[in-house]
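The block underneath contains the structure these notes are about, expressed in structure tokens.
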Amino acid sequence: MKKIFFLFVSTLFLNYSFCIAQNLPYQKSLIHYRNELKKFKEDEPEFYKILRKISYINPDESQKILDNISSDKLNNKVKFDYHKTKLITLLHLSNFDLALQTAHDLINIAEKNNHVHEKVIAYLLISECYLLKYQFKEAKLFALKALSLTKNGKEQQSHLRTLIQLAKVNYFEKNYSESLENINTALKILEFYSDDFEASKLYTTLANIQKEIGNNDLAIYYFHKAIQLDEKNHNYVSLSKNLGFIALLYYQEENYSRALEINQKGLSIAKWLNNKFSIVNKLITQGNCLLKLNKNLEAFQAFKEADSIAKNFNLKTSFVWCRLGMMDYYLKTQNFTSALNIIQSIESLVDSLNQNEIKIKFYKLCAQTYANLGDYKKAYTYFNKFYLLNENDLKQELKNKISQYGVIFKSELQTKENEFIKKENEIISKQNQLQKIIIFLIIFLLILSLVFLGYALKQKKQLYEQNLELKRKNEEIFSQQEELLAQNEIVKAQNEQLQAINKYKSQLFALMTHDLKTPIANLQMLLTILEKKNISNNDLNEYIQEIKNEVDNSYELIQNLILWTKSQLSNLEPKFKIFYLQTIVNKRVSFFESNLKRKNIQLDIQIDENLMVWADEQLLGHIIHNILSNAIKFSYPNSIIKIYASIIDKNVVLSIQNFGKPIPKEQLNQIFEINITPEVGTFNEMGSGFGLYLSSEFMKKMEGKITCTSDNKSTVFSIYIPMADD
């Protein structure tokens, strides 16, 4: 009932918004800002503040004015405002490459002026550039840089903008719980500091999150709040974007006619603004809706128009979506050769974009194309890719939903929602009488139409249903044949995988029976000796130390076995993030204080405290733990262990060097394989080498590696870790 109420209110609100969208006061707003612009000179900051408002209405006019200004004659403060306005205008015109170049110029000016507020603005704008280019890693890096400058709380406006940008990046990365945390903090600031432009971005992000987790009624509610602010501030760029989002929501609910109607409103605004990025995306939505409504030729024309714009303006992601829409058209019209040509033209580009949503759609269409062409081997290959990627995507989506349900919004936000509902109830009560009349007329006309058309439609429907049933049965037979073929291939692949697992299981069992049996037997012997009462204090301490060594070795082996087993059973995938290398090294060193003290080994750690890496923090910590444990185990007493880092080919190389027992040359080539032959440390510590094998496997998962060199002087293990780009 609540959902029906929300949708009804949404319809009233959207109809009002669309009336405004059809008759937007473009010229009135433009004339007002043109007159305001004449009051200031080109070397005054207020001039560019007004020019930025013009760019939200007519970016072409803003760009023409900027082209006639010589930035070299401006002072540094005004030069920053000039480049900022130019960058925002380029984003509105979808010229993302030039916008990114301008963003770097903006950062240089801000750093030269050494002004914190200017640095924050520059970082946020370059983050937006990377976000629109779907480079989420770089977008998040610059958003975090801005956050580090605003954490002191002195500039609430800058901190608010930073939190909203970070929320957007986390949303695109599908980190919904983190995005909601950013939004909650931003909402607290908005209670004391009003900023309608930023509030619109906040509500748009919040609406998209609700749409992703299936709360469509709340999504529409927050989209409406964003649209209200867009209309109030004449922000037609954002208005066009939000209309597009609502259209996608209705498309998701399979209400294609409604989605097409709403999308057309947003498209008309985007064309007036000449926003190429927005035009292309809405043409793609239009084409998808038309395909669902069986208006195939109109759909193809929409995709073709979008394809031309995306190609000319180098919009790679949008270009791929255009081509996928064309593939849908060709498959629907059984033009399989043309569909194959599209596969060959975009396959390398799809792989380079590294976007799961695109890959899932592409692999599915490829499987259908090759199946229709009779190439079942390739069809199965792409079907398997589609299945695995779609399964992982569904698992991640489930995790995101679980995290989302764990976030509790503050009571003040709920109060505001209740106030909104109360106001809408008042509006509805005043319009009840009119609605009843309209509903009565609609029902009367519908019944009258059904009486005249009923008989003819009944005959036509029967014929259509018979043809549809025949087509459905044919498709079921074909689908069953395809499923049988796919299942045979899956069984074959599973048998091969089972053989590999059995091989690993045999090696693991041999390792467990050897390396666990030996320390347990030693513990049994030592405990038997300790039962004697005539043991001196010195001997007692020595036996206790031996017992501790055996327990430490067994614990380390069990930890490695648990992590190895987890990786085999659940297909463990790294969770990449950016973090400081020195922090995780110091954390792992603290585990070995007693071992280092016992052998009187000194540590020499030389790592830049600002050095950041891109890896799974937990897995990397376990790898460093294994390598450091190995270094201590084979170091001579009273020696030194050096830990240092360097940068080689965009990799951070963490080296751990010990001056102890060397590794024989014949063992170096097998150092990272499962080894059931025990190795004895310089204090008779036992080791299996399983930790080295496990560490090597995990580094491969993180697109890195481990190398080892050894001579009579020292042994060096080098860990190659992907570097976090600036």
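The values are calculated or read from the model by the stated rules, or taken from the named source; none is laboratory data. Predicted model, so just to flag it, every value in this text is computed and none were measured. All Cβ positions, even for glycine, are placed from backbone atoms using ideal geometry, and neighbour counts span all protein chains on display.
Within the group GLU542, GLU556, which residue is farther than 26 Å from LEU144 by Cβ, at pLDDT below 70, charged (D, E, K, R) and in contact with a helix residue (DSSP H, G or I) (Cβ under 9 Å, 6 or more places away or on another chain)? Working first, answer last.
Working: GLU542 fails: in contact with a helix residue (DSSP H, G or I) (Cβ under 9 Å, 6 or more places away or on another chain).
Every option except GLU556 fails the conditions.
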>> Restricting to segment 142-171, name every residue that is in contact with a helix residue (DSSP H, G or I) (Cβ under 8 Å, 6 or more places away or on another chain), small (Gly, Ala, Ser) and part of a helix (DSSP H, G or I).
In response: ALA143, ALA146, SER158, ALA167
> Quick check: anything in segment 658-674 surrounded by 15 or more Cβ atoms within 10 Å (Cβ to Cβ), closer than 15 Å to PHE592 by Cβ, touching a helix residue (DSSP H, G or I) at 6+ places or on another chain (Cβ under 9 Å) and touching a residue at least 24 places away in the same chain (Cβ under 8 Å)?
Replying inline: yes
> Hey, ALA199 hits all of (1) out of contact with any Asp or Glu (no Cβ under 8 Å at 6 or more places or on another chain); (2) under 25 Å from LYS311 (Cα atoms); (3) small (Gly, Ala, Ser) but one; which does it fall short on?
Replying inline: (2)
>> Taking the conditions exactly as written (in contact (Cβ under 8 Å) with a residue 24 or more places away in the chain and surrounded by fewer than 21 Cβ atoms within 10 Å (Cβ to Cβ)), does LYS77 satisfy them or not?
In response: yes
> Can you name the residue in segment 673-703 that is modelled with pLDDT under 75 and charged (D, E, K, R) and is also nearest to PHE717 (Cα to Cα) among such residues?
Replying inline: GLU679
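Pick from ILE360, ILE342: which is closer than 28 Å to LYS271 by Cβ, outside the structural domain of SER479 (by TED's automatic domain parsing) and out of contact with any Cys (no Cβ under 6 Å at 6 or more places or on another chain)?
Being closer than 28 Å to LYS271 by Cβ, outside the structural domain of SER479 (by TED's automatic domain parsing) and out of contact with any Cys (no Cβ under 6 Å at 6 or more places or on another chain) holds for just one of ILE360, ILE342, which is ILE342.
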>> When you scan segment 62-84, do you find a residue that is closer than 22 Å to ILE164 by Cβ, out of contact with any strand residue (DSSP E or B) (no Cβ under 7 Å at 6 or more places or on another chain) and polar (S, T, N, Q), even just one?
In response: no
> Just checking, which of PHE383, PHE319, PHE362 is closer than 16 Å to ALA299 by Cα and either buried (at least 17 other Cβ atoms within 10 Å of the Cβ) or not small (Gly, Ala, Ser) (or both)?
Replying inline: PHE319
> Counting only residues that are assigned to a loop (DSSP other than H, G, I, E, B) and charged (D, E, K, R), which one in segment 41-74 is surrounded by the most Cβ atoms within 10 Å (Cβ to Cβ)?
Replying inline: GLU42
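Condition check ((1) in contact with a strand residue (DSSP E or B) (Cβ under 7 Å, 6 or more places away or on another chain); (2) farther than 16 Å from GLU703 by Cα; (3) surrounded by fewer than 15 Cβ atoms within 10 Å (Cβ to Cβ)) across all residues:
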site	(1), (2), (3)
TYR580	yes, yes, no
ASN595	no, yes, no
ASN600	no, yes, yes
ASP604	yes, yes, yes
